[in-house]
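Values quoted throughout were computed directly from the atomic coordinates according to the rules given, and no laboratory measurement underlies them. These numbers come from a predicted model, not from an experiment. Heads up, the Cβs are rebuilt from the backbone with ideal geometry, glycines too, and the neighbour counts pull from every protein chain shown.
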């Protein structure tokens, strides 16, 4: 038989006990408690860590779908994991920068099954899509696949259940808690600005990551000139002096209008705004005018926004009409989408802003096909070139890259809608500027997102933001002969073309991180009428960690085993426990080109296994738009460790120069070194995808179950070479795996590294 009829010993039984922390209050970013302290009592006797789980419910809040770092899941919230014996006098294990270490471990140990398990139990949101998000769901009445999203997403209550991945809390060996006298655990939470990130990362956060706008007219942007020219959508021709492309086609100039008076314009009988007459012809017809997209001056109605092919009738009901005259009219040209910039628009008007799809490349053909509609010639409107320069177009590091689309057949698969890498959120304060950062204007508050379908030129589809300008109502503009604010004036006959549009370099739209982190208050939008929008705008980024507990797997060993271990602790020889653990050291490295040398302080380590060194970008450690836990190659070309008397290891520098490319390349020697050091940490390497996106270097000093005496060998130094292209100073985190021996005897407890 394969199994004995009479076993040598009785089977080992087990049970799971729930231990609560000392402070059982819910944890947030600002509730005054950043530490979790928990005591594993000695009556547990024997504890199996690998089958013991930390459990808590995690709920995120704020705009932009904030999530724990996708590199480490729930573990990203914890910075320090520290354990003492029951008396608190002996340090058993201490892991600093725990979340950074887990981000490295998760990268190399991925597989389809492991990813599914981490998403199910460890709170890891792997993709950067707002659709099928682990922590967020759309309001039940809405869907990304069509329609309009006009409400904030709903936060899910996510249960996290997993061990901490330290050597002590993830080991498959039995721990004699009774012999140690109990274990005291302390978890320190990391700063939420570092451990939490937006679902779509840096996309659309600040000018450096702004999304380019689809070519359109943005009404009401003042310039230094009252004539057409450089700030208009240019036609093909000489640089600088090209005529502006008109936004409106000639309809009828009308009669009996009065110079400088202000008249309403209506769309389908509803007032959409007002114009000021700038020039008239001999019959009192309008030959030049300036438009104000005001909306309803009473602030009670949402009015239509002029879009392509709309006919604007000047001076008809309910606004003042020319006395005994005929009404002027004009038509919005195809491809134009004039909107107010918030300077004269108010919250009664929904402004719509279509975004580029895949950096504009997919719309170029349609734009060029519109040349006749725009007024002749071939439009030279490239996608914003600085974006490709900044990130590397279509690279892994490009935040505008198009991930695998999930679009239905009703949507263009190359757009980001409904693929849902939508970086804007309901309640965001939205800004736009020129590509060079000048001319920044606060557009208003995002009141929704919808699909934009281009009516002329093919099936180009893309997302469109719905903006409510947070601006005061304008007084007196509907009466004749009332002075109006100075704005840019059209110069062509009956062409209301005082708008800013895309420059050749492009225009961009974005939000500011500070508005999201702390929230903001609406100024001119009445809260009583827009309570949901006000609540979304004021929502700060936060998290709620509730119902924290440790589910301990208690092992009921036979009395003979327990008695034997207790007897050993009372003897002179003592009970010996060998535990793999990690020691952390920190080194700041300035942003200098050329060779760098850093001493890794590891005193008194006699049983070393290996070291992983992670260079973090010091400029990206306090912001939700940053992937703060990722190592940053930033121009490192080679590295080599120097180990005291052993000298340089390996004998030749390890080349890593291709890790800084937009699409990092695998270099055989560097990957071989990393696989070896992962082995010394006990990580079974099963994935080498995107290793350059979370960069680190390392060196194995001994095989598992063997060790290297670093104290006898001397100092450990990391020599690395940087080229002149690096962009920031680095904080190097050095994790060193080593053996720690704990001896418990009649003389007390001794810990040796």
Discussion item. Quick check: residue separation of residue 570 and residue 689 times 0.36 nm, minus the Cα distance between them. What number comes out in nm?
Written reply: 37.7 nm
Discussion item. Let me check against my output: what whole-number percent is the relative contact order of segment 575-753, with C-alpha pairs under 8 Å and at least 6 apart?
Written reply: 45 percent
Worksheet entry | Residues 628, 61, 76, 266, sorted so that the one with the fewest Cβ neighbours within 10 Å comes first | 61, 266, 628, 76
Discussion item. Test of understanding: ordering 559, 42 by Cβ neighbours within 10 Å, fewest first, what list do you get?
Written reply: 559, 42
Worksheet, complete the sentence: Taking a crude spin-label model, label points 7 Å out from Cα along the C-beta direction, the residue 188 to residue 311 distance in nm is 7.2 nm
Discussion item. Quick check on packing: order 629-636, 576-583 by the mean number of other C-beta atoms within 10 Å, highest mean leading.
Written reply: 629-636, 576-583
Discussion item. For the pair residue 561/residue 523, report the inter-label distance in nm, with labels modelled 7 Å from Cα in the Cβ direction.
Written reply: 7.0 nm
Response to the item:
As a Kirkwood estimate from alpha-carbon pairs, segment 575-753 has a hydrodynamic radius in angstrom of 17.1 Å
